[in-house]
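See below for the structure under consideration.
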Amino acid sequence: SAVISQKPSRDICQRGTSLTIQCQVDSQVTMMFWYRQQPGQSLTLIATANQGSEATYESGFVIDKFPISRPNLTFSTLTVSNMSPEDSSIYLCSVAQDSNYGYTFGSGTRLTVV
Amino acid sequence: AQSVTQPDIHITVSEGASLELRCNYSYGATPYLFWYVQSPGQGLQLLLKYFSGDTLVQGIKGFEAEFKRSQSSFNLRKPSVHWSDAAEYFCAVGVGDYKLSFGAGTTVTVRA
C-alpha cells in the first residue's frame, strides 16, 4: 500500500494566520482526500483533492477557508486560512488506490490555534 | 443518507478477555465496510475491510469482523486482547466516489 508523508506533524499557530499542510505519497494514486478530526470527535471529510482542477468540498467546508492544491498524482496541500481556536484539530490526508478501495491515511497534523 | 453508528463510546476489558465492538450502518446499496484503529498520537491504520463474499473477514492483529446484512451490522471481534490493543476504533462505510463516512469511534481501555 501507499506510504504517506504528512508535514508538519504538529504546529501551534496564532489566530488569524494560515498554515499549509503537505501530503506526499510514494506512488501515484487515484484519489486524495483531506479529513478533519476535532478533539474527541470522529473524522469528517473536508474535500476531495482533484489533480489539475479545483477540489470538491463537502457541505460545511469552503475553498476560501480550506484551499487545496493537487498539482500531480503524488502531492497535495491543504491550507487552513485565517485560523481561529475552533480550527484546532487533527488534519489527515488519505489516499485511495484503484478500484479496490485501498485506503491509506497519513499520520496527521495536530494543529493548535491560540 | 449514509450513516455509521457505534453505540459504545467506551469499553473497558481485561487483558486476555475477548472484545467485541459494535457497528451499525445505514446505506442503500451493498456497503463497503471498514474498521480502523487509531493509537494515541498516531494516524489511522486499517484493520480489515469487507466488500463482498465471505461475511467473516479476517484482519491484522488478530481481529475479525462479521458482516450481517439482516442486522445492518459489521461488528469487530478479538478473542484475547493485549494491552497494546488500547486505542480508538472507528467503523467506516464507503459512500461512493471513494469517500468514507466514519462512526463516532469507540475507545478501548485494557486493564491488567
From the square roots a ≥ b ≥ c of the eigenvalues of the alpha-carbon gyration tensor of chain B, which class results: rounded (a/c under 1.5), prolate (a/b over b/c), or oblate?
prolate
With springs only between Cα atoms under 10 Å apart, run a GNM on chain B and tell me which of B:GLN38, B:GLN58, B:GLN71 wobbles the most.
B:GLN71
Determine which lysines satisfy two conditions relative to B:LYS49: a Cα distance under 25 Å, and not lying fewer than 8 residues away in the same chain.
B:LYS61, B:LYS68, B:LYS78, B:LYS99
Vicinal HN-Hα couplings computed from phi for segment A:15-26 (Karplus, 6.51 cos²θ - 1.76 cosθ + 1.60; Hz; Gly/Pro x):
4, x, 8, 10, 10, 10, 9, 10, 10, 10, 10, 7
With a point put 7 Å past each Cα toward its Cβ, work out how far A:SER9 is from B:HIS10 in nm, to one decimal.
2.8 nm
Size of electric dipole in chain A: Cβ of Lys, Arg +1 and of Asp, Glu -1, about Cα centre, debye, nearest 20
240 debye
Using a basic spin-label model with each label point 7 Å from the Cα along Cα→Cβ, how many nm lie between A:THR20 and A:GLN38?
2.7 nm
In sequence order, what are the phi-derived ³J(HN,Hα) couplings for segment A:35-44 according to the Karplus relation 6.51 cos²θ - 1.76 cosθ + 1.60 with θ = phi - 60°, rounded to whole Hz, with x for glycine and proline?
10, 10, 10, 6, x, x, 10, 7, 8, 10
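Every number in this text was worked out from the coordinates using simple rules, so none of it is lab data. Because the structure is a prediction, the values reported are computed rather than measured. Ideal geometry is used to build each Cβ from the backbone, glycine not excepted, and the neighbour counts take in all protein chains shown.
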